[in-house]
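The structure appears right after this line, and notes come after that.
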Amino acid sequence: MRKVAVIDGQGGGIGSLIIKKLKEEFGDALDITALGTNSTATSAMMKARANKGATGENAIIWNACRVDAIVGPLSIVLANGMLGELTPAMAAAIASSPAKKFLVPLNQENVEVIGILKDPLPHLIEKLVERIKEEMHV
């Protein structure tokens with residue numbers, strides 16, 4: 001079974017949408033760990049049917065190198081992303097992890113990725129699920 005970490009912060013809305021789509025597409029073929037920068041985000045992702053969840057800096061750092069893939073908004077690799085909820089140590093652990101990263105290019109951190117179309121979030125998540133399917137052969 002492939003292990004996937006979905007990382008989100010603030011209210012966990014993006015991570016919840018991602019987990020719902022992954023569960024619809026892959027069912028139990030993926031072992032999904034919800035990693036929240038705060039308990040609200042983790043709780044929301046658990047309600048979306050993640051297999052397990054953990055909260056905070058240590059949980060994110062410890063799990064980042066123990067999964068096959070990491071999924072979340074672009075800000076999870078930006079130090080002080082998510083209005084400061086994502087610490088530099090979290091960003092470094094995620095970026096340095098050998099796991100494949102699937103990042104949704106939302107421009108919320110005053111960072112713009114040039115060449116990316118500004119699709120609505122549901123369309124981006126559909127594209128994300130298709131890439132995971134292609135890459136992970138699930």
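Going down the table (LYS3/LYS101; LYS21/LYS127; LYS21/LYS47; LYS47/LYS118; LYS20/LYS133; LYS3/LYS118), which pairs top 18 Å between alpha carbons? With Cα atoms farther than 18 Å apart: LYS47/LYS118; LYS3/LYS118.
Each other residue within a Cβ distance under 14 Å of ARG66 adds +1 if Lys or Arg and -1 if Asp or Glu, for a net charge of +2. Using alpha-carbon positions, what is the distance between the centroids of segment 1-15 and segment 56-97, in Å? Cα centroid to Cα centroid, the span is 11 Å. Between ARG2 and ASN58, the contour length at 0.36 nm per residue exceeds the Cα-Cα span by 17.9 nm. You can think of it this way: the chain between ASP28 and CYS65 has 11.2 nm of extra reach, that is 0.36 nm per residue less the Cα-Cα gap. Scoring 70-77, 86-93 by mean Cβ neighbours within 10 Å over their residues and listing the highest first yields 70-77, 86-93. Fewest-first ordering of ASP119, ASP28, ASP8 by other beta carbons within 10 Å of each residue's beta carbon gives ASP28, ASP119, ASP8.
Every number in this text was worked out from the coordinates using simple rules, so none of it is lab data. Because the structure is a prediction, the values reported are computed rather than measured. Ideal geometry is used to build each Cβ from the backbone, glycine not excepted, and the neighbour counts take in all protein chains shown.
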